Amino acid sequence: MKFKIGHVADIQVKNRENNLYLSYQSGLDDIINLVTIHEMDSLVIAGDFFEYAEANDSERKLIYNFLSKLSNVPTLKEIVFIIGNHDELKEKKKQIKGNALSQDVNIGYNPVNVFVDLINNLSVEASEKFIYMNKSKIYDSKISDKIKYISY
């Protein structure tokens, strides 16, 4: 049995000083069209959805709409996404007064977590297409027991 697997990485949506919304929307729609035309079974999106970890509303909207549209591509049986270093807010070391030990403190919000909300609000059929690789482990493919995705 053959599978068509697409791979996209480093989308790095940025809509700040210059209004690049329509340019990014066009590029993301091109990806959807390629997935549709080539009747791909799986699409792997490897990190860096955003240029900045603190994505603004328009940047999140672009990716949110992109993933929503992908979930409706009939041949696409799985959408595998992995957060990249640009998508993740770094942890900051904070000294505890009077103690030589330091502790990790999460300093904010991870914009990719928005997509978990998206997935939870889709129809059961659409939401089951997503594989969110957010831990170091082996993830089973939804299209074949012969395909394993490894996140580290």
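The values are calculated or read from the model by the stated rules, or taken from the named source; none is laboratory data. If you're wondering where the values come from, they're calculated on a predicted model, not measured in any experiment. No Cβ is skipped: glycine too gets one built from the backbone with ideal geometry, and neighbour counts run over all protein chains shown. Remember, those area values only see protein heavy atoms, side chains included, never the ligands or the DNA or RNA. Shrake-Rupley method; radii C 1.70, N 1.55, O 1.52, S 1.80 Å.
The figures follow:
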read-out	value
Residue match in segment 5-21 (condition: among the small types (Gly, Ala, Ser) and free of Cβ contacts under 8 Å to residues at least 60 places away in the same chain)	yes
Residue list for segment 35-47, filter: open to solvent by 10 Å² or more (accessible area, probe 1.4 Å) and under 12 Å from the mean Cα position of the chain (by Cα)	Val44, Ala46
Residues of segment 1-28 that turn out to be open to solvent by less than 50 Å² (accessible area, probe 1.4 Å), under 18 Å from Leu62 (Cα atoms) and not aromatic (Phe, Trp, Tyr), as a count	8
Single unsatisfied condition, Ser58 versus (1) outside any helix (DSSP H, G or I); (2) small (Gly, Ala, Ser); (3) surrounded by fewer than 19 Cβ atoms within 10 Å (Cβ to Cβ)	(1)
Those residues of segment 100-138 which are at pLDDT below 55 and either open to solvent by less than 70 Å² (accessible area, probe 1.4 Å) or charged (D, E, K, R) (or both), in sequence order	Ser102, Asp104, Val105, Gly108
